[in-house]
1. Could you list the residues of region 122-138 with an amide nitrogen less than 18 Å from a label point located 7 Å from the Cα of residue 165 in the Cα-to-C-beta direction?
2. Please list 8-20, 66-78 highest first by mean number of surrounding beta-carbon atoms within 10 Å per residue.
3. Just to be sure I understand: with springs between alpha-carbon atoms less than 10 Å apart, which residue in 119, 137, 29 has the highest mean-square fluctuation in the Gaussian network model of the chain?
4. Rounded if a/c is under 1.5, else prolate if a/b beats b/c, else oblate: with a ≥ b ≥ c from the C-alpha gyration tensor eigenvalues square-rooted, which is the chain?
5. If I build a Gaussian network model for the chain, linking alpha-carbon pairs within less than 10 angstrom, which residue out of 164, 54, 93 has the largest mean-square fluctuation?
6. 7 Å from Cα along Cα→Cβ at both residue 86 and residue 35: what's the point-to-point distance in nm?
7. Can you work out the FRET efficiency for the pair residue 186 and residue 101, with r the C-beta to C-beta distance and R0 = 25 Å, to the nearest 0.05?
8. What nm value, rounded to one decimal, do you get for the distance between residue 195 and residue 147 when each label is placed 7 Å out toward the C-beta?
């Protein structure tokens with residue numbers, strides 16, 4: 001398998017529960033009917049099905065499941081990775097949500113929270129070892145390893161601060177990516193009517209936090 005078009009007649013896994021819409025958008029882009037052209041299956045929260053050959057393609061986060069596959073002994077050169085961003089079907093995740101009425105009266109409080117959150121991300125990226133130490137102190141013995149957590153922290157850092165990313169834009173919603181997310185959500189029934197982009201999100205709180 002070299003690319004998305006080769007998913008035809010394959011068994012493709014996803015966690016579902018809201019994670020499937022990027023994959024459905026990918027299928028749609030390549031004119032693949034998930035009910036006829038391939039077997040679209042529910043994937044567990046491990047990579048056991050993929051490693052055991054039950055899935056031809058599996059969903060994976062770059063910072064976690066992909067690392068699990070590499071740690072299993074499979075070299076990156078043996079894997080075909082489909083990047084949802086490169087395919088133009090990625091959706092924004094891990095957003096902060098607030099009640100609109102509350103936010104109107106509590107902008108400074110929200111800005112303090114955002115400011116502290118961004119500082120936490122910056123500190124974790126600047127001192128990955130210390131960040132992982134904090135995590136490991138709160139982790140049940142045997143549930144993960146420090147090495148895996150360090151790899152995850154390194155990969156998450158790449159997502160928070162991609163190469164050549166303008167640090168001044170940290171925390172801001174990208175207009176084009178939000179519209180892409182909203183368009184996919186509408187197409188696949190997550191929302192019933194087109195999103196009012198001006199009402200759906202704001203960068204005002206980040207602006208206040210950055211002052």
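1. The answer is 122-129, 131-132, whose backbone nitrogens lie closer than 18 Å to the label point.
2. The peptides rank, most packed first, as 8-20, 66-78.
3. Maximum fluctuation in the GNM of the chain, among the listed residues, is at 137.
4. Working: a/c = 2.16, a/b = 1.22, b/c = 1.77.
The shape class here is oblate.
5. 164
6. With each label placed 7 Å out from Cα toward Cβ, I get 3.2 nm.
7. Working: r = 25 Å, r/R0 = 1.00.
That pair, residue 186 with residue 101, gives E of 0.50.
8. Computed distance between label sites residue 195 and residue 147 equals 4.0 nm.
Values in this text are rule-based calculations from the coordinates and carry no lab data. All values reported here derive from a predicted model rather than from experimental measurement. Counting neighbours? That spans all protein chains shown, and the Cβs are built from the backbone with ideal geometry, glycine included.
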